[in-house]
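**Student:** This is the structure I have questions about; it appears just below.
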Amino acid sequence: MALKANGVSKKPQYDPTFKDKVIAATGPNADPRLVQVMPSLVRHLHAFACEVNLTVAEWMAAVEFINECGKMSDDRRNETQLLCDIVGLESLVDEITSKMLATSHSETPSAILGPFYRHDAPLLPNGSSIVRNLSPSVSWYEQAVADSAFVTGRVLSSSGAPIKGAIVDAWHSAPNGLYEQQDESQPDMNFRGRFETDEEGRYAFYALRPVPYPIPDDGPAGKLLTLLDRHPYRPGHIHFIVSAPGYRALTTQLYDDRDEYIAKDAVFAVKDDLVVKFSPREGDPQARWSLEYDFILGRG
Ligand code: MBD
Ligand code: FE
(Lines give C-alpha, C1' and ligand atoms only; values in the text may rest on other atoms or scores of the structure.)
(Ligands and ions follow the chains in the order given, each with its own letter.)
Protein backbone atom coordinates (compact mmCIF):
# COMPACT_ATOMS: atom_id res chain seq x y z
CA MET A 1 0.00 0.00 0.00
CA ALA A 2 2.36 2.69 -1.23
CA LEU A 3 0.33 5.83 -1.75
CA LYS A 4 1.42 8.68 -3.97
CA ALA A 5 0.59 12.21 -2.89
CA ASN A 6 -2.08 13.63 -5.15
CA GLY A 7 -1.40 16.63 -7.37
CA VAL A 8 -2.68 19.68 -5.54
CA SER A 9 -2.57 22.10 -8.45
CA LYS A 10 -5.72 20.57 -9.93
CA LYS A 11 -8.84 21.71 -8.08
CA PRO A 12 -11.87 20.38 -9.94
CA GLN A 13 -15.37 21.43 -8.96
CA TYR A 14 -17.62 18.54 -7.99
CA ASP A 15 -21.42 18.72 -8.21
CA PRO A 16 -22.42 20.05 -4.75
CA THR A 17 -25.95 18.63 -5.09
CA PHE A 18 -24.81 15.03 -5.56
CA LYS A 19 -24.75 14.26 -1.81
CA ASP A 20 -28.33 15.55 -1.57
CA LYS A 21 -29.51 12.90 -4.05
CA VAL A 22 -28.03 10.22 -1.83
CA ILE A 23 -29.61 11.70 1.29
CA ALA A 24 -32.98 12.12 -0.43
CA ALA A 25 -33.05 8.41 -1.33
CA THR A 26 -33.93 7.54 2.28
CA GLY A 27 -37.42 6.08 2.48
CA PRO A 28 -40.34 7.06 4.76
CA ASN A 29 -39.99 3.93 6.90
CA ALA A 30 -36.29 4.35 7.60
CA ASP A 31 -34.96 3.77 11.10
CA PRO A 32 -35.36 7.09 13.03
CA ARG A 33 -31.83 7.25 14.41
CA LEU A 34 -30.42 6.53 10.97
CA VAL A 35 -32.59 9.32 9.55
CA GLN A 36 -30.80 11.61 12.03
CA VAL A 37 -27.33 10.22 11.51
CA MET A 38 -26.95 9.29 7.84
CA PRO A 39 -27.35 12.72 6.22
CA SER A 40 -24.45 13.96 8.33
CA LEU A 41 -22.35 10.89 7.58
CA VAL A 42 -23.00 11.19 3.84
CA ARG A 43 -22.23 14.93 3.88
CA HIS A 44 -18.95 14.43 5.71
CA LEU A 45 -17.90 11.43 3.61
CA HIS A 46 -18.60 13.28 0.38
CA ALA A 47 -16.88 16.43 1.61
CA PHE A 48 -13.87 14.38 2.67
CA ALA A 49 -13.58 12.60 -0.68
CA CYS A 50 -13.88 15.92 -2.56
CA GLU A 51 -11.46 17.75 -0.29
CA VAL A 52 -8.65 15.23 -0.82
CA ASN A 53 -9.55 14.38 -4.45
CA LEU A 54 -9.89 10.72 -3.47
CA THR A 55 -9.21 8.42 -6.43
CA VAL A 56 -10.75 5.03 -7.19
CA ALA A 57 -7.43 3.31 -6.45
CA GLU A 58 -7.17 5.00 -3.05
CA TRP A 59 -10.76 4.25 -2.16
CA MET A 60 -10.27 0.59 -3.10
CA ALA A 61 -7.08 0.44 -1.02
CA ALA A 62 -9.14 1.70 1.94
CA VAL A 63 -11.88 -0.87 1.28
CA GLU A 64 -9.29 -3.65 1.22
CA PHE A 65 -7.69 -2.23 4.36
CA ILE A 66 -10.99 -2.41 6.24
CA ASN A 67 -11.64 -5.90 4.86
CA GLU A 68 -8.23 -6.95 6.19
CA CYS A 69 -9.16 -5.56 9.61
CA GLY A 70 -12.32 -7.67 9.60
CA LYS A 71 -10.52 -10.83 8.49
CA MET A 72 -8.01 -10.42 11.29
CA SER A 73 -10.65 -9.98 13.99
CA ASP A 74 -12.02 -12.70 16.23
CA ASP A 75 -12.88 -12.97 19.93
CA ARG A 76 -9.21 -12.45 20.84
CA ARG A 77 -8.46 -9.54 18.61
CA ASN A 78 -10.54 -6.65 17.27
CA GLU A 79 -8.49 -5.00 14.54
CA THR A 80 -11.29 -2.69 13.38
CA GLN A 81 -11.61 -1.35 16.92
CA LEU A 82 -7.84 -0.90 16.99
CA LEU A 83 -8.07 1.08 13.74
CA CYS A 84 -10.67 3.34 15.39
CA ASP A 85 -8.36 3.69 18.41
CA ILE A 86 -5.37 4.97 16.46
CA VAL A 87 -7.46 7.68 14.78
CA GLY A 88 -8.88 8.71 18.16
CA LEU A 89 -12.43 7.61 17.39
CA GLU A 90 -12.92 5.29 20.37
CA SER A 91 -11.68 8.05 22.71
CA LEU A 92 -13.93 10.61 21.04
CA VAL A 93 -17.10 8.52 21.27
CA ASP A 94 -16.22 7.63 24.84
CA GLU A 95 -16.01 11.34 25.67
CA ILE A 96 -19.26 12.10 23.84
CA THR A 97 -21.04 9.25 25.63
CA SER A 98 -19.86 10.31 29.09
CA LYS A 99 -20.77 13.97 28.43
CA MET A 100 -24.22 12.91 27.20
CA LEU A 101 -24.89 10.72 30.23
CA ALA A 102 -23.10 12.61 33.04
CA THR A 103 -25.31 13.63 35.96
CA SER A 104 -22.66 15.51 37.99
CA HIS A 105 -19.29 17.21 37.56
CA SER A 106 -17.49 15.11 40.14
CA GLU A 107 -17.73 11.75 38.36
CA THR A 108 -14.44 10.00 37.66
CA PRO A 109 -13.57 10.55 33.98
CA SER A 110 -14.09 7.59 31.70
CA ALA A 111 -11.55 6.13 29.31
CA ILE A 112 -11.92 3.68 26.47
CA LEU A 113 -12.54 -0.03 27.00
CA GLY A 114 -9.86 -1.19 24.57
CA PRO A 115 -9.88 -4.53 22.78
CA PHE A 116 -8.73 -6.79 25.62
CA TYR A 117 -11.59 -6.82 28.10
CA ARG A 118 -12.93 -10.23 29.07
CA HIS A 119 -16.27 -10.83 30.74
CA ASP A 120 -16.42 -13.15 33.71
CA ALA A 121 -13.06 -12.42 35.30
CA PRO A 122 -13.00 -14.30 38.61
CA LEU A 123 -14.73 -12.64 41.57
CA LEU A 124 -12.01 -12.56 44.24
CA PRO A 125 -11.99 -11.62 47.93
CA ASN A 126 -10.67 -8.16 48.73
CA GLY A 127 -6.97 -8.29 49.52
CA SER A 128 -6.23 -11.10 47.08
CA SER A 129 -4.03 -10.95 43.99
CA ILE A 130 -4.80 -10.87 40.27
CA VAL A 131 -1.27 -12.15 39.62
CA ARG A 132 -1.75 -15.90 38.94
CA ASN A 133 0.94 -18.56 39.34
CA LEU A 134 3.89 -16.19 39.11
CA SER A 135 6.91 -18.44 38.66
CA PRO A 136 10.63 -17.53 38.78
CA SER A 137 10.98 -19.36 35.46
CA VAL A 138 9.06 -16.68 33.59
CA SER A 139 11.33 -14.15 31.85
CA TRP A 140 9.68 -11.12 33.48
CA TYR A 141 9.68 -12.52 37.02
CA GLU A 142 12.17 -9.95 38.41
CA GLN A 143 10.16 -7.07 37.03
CA ALA A 144 6.92 -8.50 38.39
CA VAL A 145 8.47 -8.57 41.87
CA ALA A 146 9.93 -5.06 41.52
CA ASP A 147 6.57 -3.72 40.33
CA SER A 148 4.31 -5.62 42.76
CA ALA A 149 1.62 -3.23 43.93
CA PHE A 150 -1.24 -3.04 46.39
CA VAL A 151 -4.21 -1.18 44.88
CA THR A 152 -7.00 0.10 47.09
CA GLY A 153 -9.59 2.82 47.38
CA ARG A 154 -13.30 3.44 47.65
CA VAL A 155 -16.23 3.60 45.29
CA LEU A 156 -18.28 6.70 46.05
CA SER A 157 -21.38 8.44 44.82
CA SER A 158 -20.97 12.01 43.56
CA SER A 159 -22.13 13.25 46.98
CA GLY A 160 -19.22 11.35 48.57
CA ALA A 161 -21.27 8.53 50.07
CA PRO A 162 -19.56 5.11 49.99
CA ILE A 163 -21.20 2.56 47.70
CA LYS A 164 -21.34 -0.90 49.20
CA GLY A 165 -21.55 -3.90 46.85
CA ALA A 166 -20.01 -2.12 43.87
CA ILE A 167 -18.00 -4.38 41.56
CA VAL A 168 -14.49 -3.25 40.63
CA ASP A 169 -13.39 -5.22 37.56
CA ALA A 170 -9.66 -4.69 36.88
CA TRP A 171 -7.28 -5.94 34.20
CA HIS A 172 -3.81 -5.14 32.91
CA SER A 173 -1.07 -6.62 30.74
CA ALA A 174 1.92 -8.66 31.86
CA PRO A 175 5.33 -6.96 32.11
CA ASN A 176 6.07 -8.41 28.65
CA GLY A 177 3.36 -6.08 27.32
CA LEU A 178 0.91 -8.86 26.49
CA TYR A 179 -2.56 -9.41 27.85
CA GLU A 180 -3.25 -12.95 28.96
CA GLN A 181 -5.30 -13.87 25.85
CA GLN A 182 -2.45 -12.73 23.58
CA ASP A 183 0.12 -14.89 25.33
CA GLU A 184 0.07 -18.68 25.60
CA SER A 185 2.65 -18.63 28.39
CA GLN A 186 0.21 -16.93 30.79
CA PRO A 187 -2.48 -18.74 32.76
CA ASP A 188 -6.11 -18.12 31.85
CA MET A 189 -7.47 -14.87 33.40
CA ASN A 190 -3.99 -13.79 34.53
CA PHE A 191 -4.01 -10.14 35.73
CA ARG A 192 -7.81 -10.02 35.79
CA GLY A 193 -10.16 -9.95 38.74
CA ARG A 194 -13.40 -8.54 40.11
CA PHE A 195 -13.75 -7.24 43.67
CA GLU A 196 -16.86 -6.29 45.62
CA THR A 197 -16.72 -3.19 47.85
CA ASP A 198 -17.39 -3.48 51.59
CA GLU A 199 -19.58 -1.29 53.87
CA GLU A 200 -17.11 1.61 53.51
CA GLY A 201 -17.15 1.26 49.74
CA ARG A 202 -13.61 -0.10 49.85
CA TYR A 203 -11.92 -2.47 47.40
CA ALA A 204 -8.38 -3.84 47.63
CA PHE A 205 -6.21 -6.15 45.55
CA TYR A 206 -2.64 -6.95 44.57
CA ALA A 207 -1.52 -6.30 41.00
CA LEU A 208 1.54 -4.92 39.21
CA ARG A 209 2.57 -1.41 38.29
CA PRO A 210 1.70 -1.38 34.60
CA VAL A 211 4.37 -0.98 31.93
CA PRO A 212 4.21 0.75 28.54
CA TYR A 213 3.64 -1.62 25.66
CA PRO A 214 2.97 -1.53 21.92
CA ILE A 215 -0.57 -2.13 20.75
CA PRO A 216 -0.65 -5.09 18.34
CA ASP A 217 1.15 -3.72 15.28
CA ASP A 218 1.48 -6.82 13.10
CA GLY A 219 -1.79 -6.12 11.25
CA PRO A 220 -3.38 -3.34 9.19
CA ALA A 221 -3.50 -0.89 12.12
CA GLY A 222 0.25 -1.34 12.60
CA LYS A 223 0.80 -0.85 8.88
CA LEU A 224 -1.09 2.44 9.04
CA LEU A 225 0.98 3.59 12.04
CA THR A 226 4.13 2.90 10.02
CA LEU A 227 2.80 4.83 7.00
CA LEU A 228 2.04 7.72 9.36
CA ASP A 229 5.51 7.52 10.96
CA ARG A 230 3.90 6.90 14.35
CA HIS A 231 4.93 4.68 17.26
CA PRO A 232 2.54 1.99 18.62
CA TYR A 233 3.10 2.53 22.37
CA ARG A 234 0.53 3.08 25.09
CA PRO A 235 1.61 4.28 28.53
CA GLY A 236 1.28 1.62 31.23
CA HIS A 237 -2.31 1.44 32.42
CA ILE A 238 -4.72 -0.56 34.54
CA HIS A 239 -8.21 -0.93 33.10
CA PHE A 240 -11.31 -0.77 35.27
CA ILE A 241 -15.03 -1.20 34.92
CA VAL A 242 -16.70 -0.05 38.15
CA SER A 243 -20.41 -0.80 38.46
CA ALA A 244 -23.13 -0.73 41.11
CA PRO A 245 -26.93 -1.00 41.02
CA GLY A 246 -28.50 2.45 40.51
CA TYR A 247 -25.29 3.93 39.11
CA ARG A 248 -23.89 4.27 35.59
CA ALA A 249 -21.07 1.80 35.04
CA LEU A 250 -17.71 3.53 34.71
CA THR A 251 -15.19 2.23 32.17
CA THR A 252 -11.82 3.83 32.78
CA GLN A 253 -8.05 3.41 33.01
CA LEU A 254 -5.40 4.59 35.47
CA TYR A 255 -1.96 5.63 34.20
CA ASP A 256 1.31 5.45 36.09
CA ASP A 257 2.84 8.93 36.27
CA ARG A 258 6.37 7.53 35.84
CA ASP A 259 5.54 6.56 32.29
CA GLU A 260 7.36 8.22 29.39
CA TYR A 261 4.36 7.65 27.08
CA ILE A 262 1.82 9.56 29.21
CA ALA A 263 1.94 12.49 26.80
CA LYS A 264 2.07 10.39 23.61
CA ASP A 265 -0.45 7.58 23.94
CA ALA A 266 -0.90 5.85 20.55
CA VAL A 267 -4.68 5.72 21.15
CA PHE A 268 -5.16 9.16 22.78
CA ALA A 269 -6.89 7.91 25.94
CA VAL A 270 -4.94 9.65 28.75
CA LYS A 271 -6.74 12.23 30.91
CA ASP A 272 -5.05 14.24 33.68
CA ASP A 273 -7.37 13.01 36.45
CA LEU A 274 -6.50 9.42 35.59
CA VAL A 275 -2.74 9.82 36.03
CA VAL A 276 -1.76 8.34 39.42
CA LYS A 277 1.27 8.13 41.67
CA PHE A 278 2.38 4.81 43.13
CA SER A 279 4.04 5.17 46.57
CA PRO A 280 6.71 2.90 48.03
CA ARG A 281 5.12 0.36 50.39
CA GLU A 282 6.94 -0.70 53.54
CA GLY A 283 6.68 -4.01 55.37
CA ASP A 284 4.51 -5.89 52.89
CA PRO A 285 6.25 -8.94 51.39
CA GLN A 286 3.56 -9.01 48.69
CA ALA A 287 4.01 -5.49 47.34
CA ARG A 288 6.75 -2.90 46.80
CA TRP A 289 4.29 -0.19 45.80
CA SER A 290 0.86 1.00 46.75
CA LEU A 291 -1.79 2.99 44.98
CA GLU A 292 -4.90 4.53 46.47
CA TYR A 293 -7.67 5.69 44.14
CA ASP A 294 -11.35 6.49 44.72
CA PHE A 295 -13.85 6.02 41.90
CA ILE A 296 -16.84 8.36 41.81
CA LEU A 297 -19.91 7.03 40.00
CA GLY A 298 -22.79 9.02 38.53
CA ARG A 299 -26.42 8.06 38.99
CA GLY A 300 -27.77 6.04 36.13
C1 MBD B 1 -4.91 -1.61 24.67
O2 MBD B 1 -4.35 -2.33 25.68
C3 MBD B 1 -5.79 -0.68 25.03
O4 MBD B 1 -6.04 -0.53 26.33
C5 MBD B 1 -6.40 0.11 24.06
C6 MBD B 1 -7.36 1.14 24.46
C7 MBD B 1 -6.11 -0.09 22.73
C8 MBD B 1 -5.21 -1.04 22.37
C9 MBD B 1 -4.60 -1.81 23.32
FE1 FE C 1 -5.05 -1.87 27.59
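The values are calculated or read from the model by the stated rules, or taken from the named source; none is laboratory data. Only a predicted model underlies this, so the values are computations on that prediction, with no experimental measurement involved. With ideal geometry, Cβ positions are generated from the backbone for all residues, glycine too; neighbour counts draw on all protein chains shown. Heavy atoms of the whole protein, side chains included, go into the accessibility calculation; ligands, DNA and RNA do not. Shrake-Rupley method; radii C 1.70, N 1.55, O 1.52, S 1.80 Å.
**Student:** Does segment 23-34 contain at least one residue that is away from ligand 1 (no atom under 16 Å from the Cβ) and either surrounded by 14 or more Cβ atoms within 10 Å (Cβ to Cβ) or touching a residue at least 60 places away in the same chain (Cβ under 8 Å) (or both)?
**Tutor:** Going through segment 23-34, the residues away from ligand 1 (no atom under 16 Å from the Cβ) turn out to be 23-34.
Now drop any that are not either surrounded by 14 or more Cβ atoms within 10 Å (Cβ to Cβ) or touching a residue at least 60 places away in the same chain (Cβ under 8 Å) (or both), which leaves 23, 26.
Checked against the condition, which is being away from ligand 1 (no atom under 16 Å from the Cβ) and either surrounded by 14 or more Cβ atoms within 10 Å (Cβ to Cβ) or touching a residue at least 60 places away in the same chain (Cβ under 8 Å) (or both), segment 23-34 yields at least one hit.
**Student:** Taking segment 144-197, which residues are within 16 Å of ligand 1 (Cβ to nearest atom) and without any contact (Cβ under 8 Å) to a residue 12 or more places away in the chain?
**Tutor:** The one that is within 16 Å of ligand 1 (Cβ to nearest atom) and without any contact (Cβ under 8 Å) to a residue 12 or more places away in the chain: 183.
**Student:** Among (1) surrounded by 13 or more Cβ atoms within 10 Å (Cβ to Cβ); (2) out of contact with any helix residue (DSSP H, G or I) (no Cβ under 6 Å at 6 or more places or on another chain), which single condition is residue 79 missing?
**Tutor:** (2)
**Student:** When you scan segment 20-32, do you find a residue that is under 32 Å from the mean Cα position of the chain (by Cα) and not in a loop (DSSP other than H, G, I, E, B), even just one?
**Tutor:** Quick first cut of segment 20-32, residues under 32 Å from the mean Cα position of the chain (by Cα) only: 31-32.
From the residues that got through so far, the ones that are not in a loop (DSSP other than H, G, I, E, B) too are 32.
Checked against the condition, which is being under 32 Å from the mean Cα position of the chain (by Cα) and not in a loop (DSSP other than H, G, I, E, B), segment 20-32 yields at least one hit.
**Student:** How many residues are in contact with a Leu (Cβ under 8 Å, 6 or more places away or on another chain) and either outside any strand (DSSP E or B) or open to solvent by 20 Å² or more (accessible area, probe 1.4 Å) (or both) if we restrict to segment 146-158?
**Tutor:** 3
**Student:** Which residue, of 62, 102, 57, 49, is open to solvent by 70 Å² or more (accessible area, probe 1.4 Å) and of a type in the set (Gly, Ala, Ser)?
**Tutor:** On the way: 62 fails: open to solvent by 70 Å² or more (accessible area, probe 1.4 Å); 102 fails: open to solvent by 70 Å² or more (accessible area, probe 1.4 Å); 49 fails: open to solvent by 70 Å² or more (accessible area, probe 1.4 Å).
Exactly one of 62, 102, 57, 49 is open to solvent by 70 Å² or more (accessible area, probe 1.4 Å) and of a type in the set (Gly, Ala, Ser), namely 57.
**Student:** Moving on. If the requirement is being closer than 14 Å to residue 151 by Cα and touching a helix residue (DSSP H, G or I) at 6+ places or on another chain (Cβ under 9 Å), which of these qualifies: 202, 194, 209? Give the derivation first.
**Tutor:** Working: 202 fails: touching a helix residue (DSSP H, G or I) at 6+ places or on another chain (Cβ under 9 Å); 194 fails: touching a helix residue (DSSP H, G or I) at 6+ places or on another chain (Cβ under 9 Å).
None of the others qualify; the one that does is 209.
**Student:** Next up: If you scan segment 159-199, which residues turn out to be in a loop (DSSP other than H, G, I, E, B), in contact with a Ser or Thr (Cβ under 8 Å, 6 or more places away or on another chain) and buried (at least 22 other Cβ atoms within 10 Å of the Cβ)?
**Tutor:** 166, 179, 191, listed by residue number.
**Student:** Now for a separate question. Anything in segment 200-240 that is touching a residue at least 60 places away in the same chain (Cβ under 8 Å), of a type in the set (A, V, I, L, M, F, W, C) and either within 23 Å of residue 141 (Cβ to Cβ) or open to solvent by 10 Å² or more (accessible area, probe 1.4 Å) (or both)? List them, or say none.
**Tutor:** Matches in segment 200-240: 204, 205, 207, 208, 211, 224, 227, 238.
**Student:** If we scan segment 123-130, do we find a residue that is under 28 Å from residue 217 (Cβ atoms), within 16 Å of ligand 1 (Cβ to nearest atom) and at pLDDT 95 or above?
**Tutor:** Yes, segment 123-130 has at least one match.
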